[in-house]
1. Between B:Val238 and A:Tyr235, what FRET efficiency comes out of the Förster formula 1/(1 + (r/R0)^6) with R0 = 51 Å and r the beta carbon distance, rounded to 0.05?
2. With the cut-off at 32 Å, tell me which of the pairs A:Lys57/B:Lys243; B:Lys6/B:Lys44; A:Lys46/B:Lys6; A:Lys46/B:Lys116; A:Lys44/A:Lys72 have Cα atoms farther apart than that.
3. Taking 0.36 nm per residue of sequence separation and subtracting the Cα-Cα distance, how much length would be gained by fully extending the chain between B:Ser53 and B:Phe180, in nm to one decimal?
4. Can you tell me the length gained on complete extension of the stretch A:Ile185 to A:Leu111, counting 0.36 nm per residue apart and subtracting the Cα distance?
5. Write down the radius of gyration of the protein assembly as shown and its Dmax, each obtained from C-alpha positions, in Å.
6. Which number comes out as Rg/Rh for chain A once both Rg and the Kirkwood Rh are worked out on C-alpha atoms?
7. List the lysines whose Cα sits under 16 Å from the Cα of A:Lys118, skipping any in the same chain fewer than 8 residues away.
8. Quick one: Karplus J couplings for region A:233-244, per residue in order, coefficients 6.51, -1.76, 1.60, θ = phi - 60°, nearest Hz, x for Gly and Pro?
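Every number in this text was worked out from the coordinates using simple rules, so none of it is lab data. Quantities reported herein were computed from a predicted structural model and do not represent experimental measurements. Backbone-built Cβ (ideal geometry, glycine too); neighbour counts: all protein chains shown.
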Amino acid sequence: MESWVRFNAQSQAKERLFRATQYACTLLGYTLLKGGANSDLLTKIKQLEAHVSLVRKLMRLGNSAEALEAAKRAVHLSDCVLRLCITVAHLNRAMYFACDNVLWAGKTGLLPKLDQNKWSQRSFRYYLFALILNLTRDAYEVKLLMDRESRSVGAKGAWASPSTPLPENGELLQSAGSHASSSSISAISAGALYARLHRELHLVAAVLRNNPPLLLDLVKNLCDLFIPLDRLGLYQTGPGFVGACGLTSSILSLLTLVHPWLKLKP
Amino acid sequence: MESFIKFTNQSQGRDRIFRTTQYACAFIKYLLRNKAARQELVKKLQSLESNMSSGRKLFRLGNTVNAVDAAKRTLRLSDPVLRFCLTVANINRALYFVCDNVLWARNVGLIRDIDKERWSFNASRCYYFSLVMSLTRDVYVITQIMVLRARQRRHQQKVDQNQNDHRDVASVLVPKLDAFLFLLYESLKSNPPVVLDTVKNLCDLFIPLDRLGIYQTNAGVVGFCGLVSSLLGILSVVRPTLKITP
C-alpha cells in the first residue's frame, strides 16, 4: 500500500496510468469491433476513451512550463550533440503542450470557434519532431557505446593474444589476390559486407543488452513514433496498431517511474 | 517557475488548483446569474466547472486506498480522542471516495442502472461526517492548547497587563469572558496550522450542509466557501509548516 500511496502522490505517474488506460481502450475497441461485439459496449469504451483523453489534457495544463525548465537545464550539458538533441526535443514538447492546452480550451467550450483539426495536426507535428530528436539522441548514445565497446574488445584481444590473427578483410583480400576473377572478388566483398553487418548487429545487441535504460527509451520512442505518423497520415497503420503501440510505450514509461534507475539520463 | 513545477508535480497540488477553479466558476456564475448580457460567459463557466469536476473525479479514483492507509496510521496515535476522531474521519473519507468512484462510473457511462441521487446523497453524508470529526479534533486541540496556556505563569502576567491596558473594555465585558476570549486569541495566534484547519473545515462544512438540506444556503455561499477552503488548502500544500499534524 505504501508504494501505491507514493505512486499516487506523483501526478506524472497518474497521468501515465491514464495514458495506458486510454490506449488500452483504443486497442480494446478495435479488437471488439473486429470481433463483432455489441454496439453498447463499444459506445461505453469510446466514451471512456474520450473522457480519459480530455481529462489527460486537463492534467497537462502546466506541462509547458515543465518542458521549458527541462530545456533550460539541458542547455548546460557538456556533450554538444546531446545538448542540441535534448534541448530542441524539450522545446518541441513545450510547443506540443501549448497546442494541447489550446485544444483543451476548444474541446471544453472556452474557445468555441477553434479549428480543432488544425490545432490537432499542429500538436502532432511538434510531437513527431520531439520523438525524432529523441530517437536521434538514442542512436547517438548507441553509436558512442558501440565505439567504446569495440575499442575495449580490440584492447582485450591485443592483451589476450599478442600474435593477433590478420584481420578478416586482409585474409580475404590475400586469398582474393591468388584467384584473380571479378565474380569471386564481388562474392568475397559481399561476404565481407555481410560479415561486417553481422558483427555490427551483434555489437548493437550487446550494447543494448548491457544498457536497459537505453533499450527501454529506444523501444518507447519507436512505439510512440507510430502515433503521430498515423494521425498525420504519413504512415497509416490503424487504431489497433496505434493502441497497441501507445499501450506498450505507456507501460514502459510506467516502469521507469516505478524503477527510477531505468530512466535514461540525462 | 521552479516552485510552480514542484507544486504541480504533486497530485494533491494540482487537485487543489482545479478545486479552486471549480468553486471560483461556481461563485462567479452565481454573481452573474441575473445579468442577461453575460449569459455566454455563464455557459462557458458552467462548462469549465463541469469539466473540472469530472476531471477531479477521475483523479480521485485511487484515493480510497490512500484514505484507508491514513486510517491505519491514525489508529496508532497515542492520544485516544485524536485516535478516534481522525480514524473515523479517514474511514468516512474512504467511504466518500467509494461513492465518488461509483458516481464517476455513472457519469462516464460505464454503469447505467444506479440511482445517481442516492449515491450523491451518500457521498455528501460521508463527507459531512468526516468534516464533523475533523472539526471535533480541531476543537479538542484548541482546548488542549488553551488549558496548557492558562497554566503558564507568563500568560497570567499578560492577562493582568491586558486588563490594565483595556480597563474600560474589561470592566464592561464580564471579566471571565474577557479572560476566556483573550486566552482563545493568544492560543490561536501561537498555532496558525490549527486556525487554518479549523477555518478550512468550517468553510467546507457549508457544502454538504447545503446538499443534504440541513442548512440550505445558496449556490453563491457554497461557491464562496469552497473557494476559500481551496485557497487555504493550496496554502497548506505550498507551506508545509502550516499543515496540521498529525
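1. It comes out at approximately 0.65.
2. The answer is A:Lys46/B:Lys6; A:Lys44/A:Lys72.
3. 41.5 nm
4. Additional length available on full extension: 19.7 nm.
5. For the protein assembly as shown, the Cα-based Rg and Dmax read 31.7, 124 Å.
6. The Rg/Rh ratio comes out at 1.11.
7. A:Lys107
8. x, 6, 8, 7, 10, x, x, x, 5, 4, x, 5
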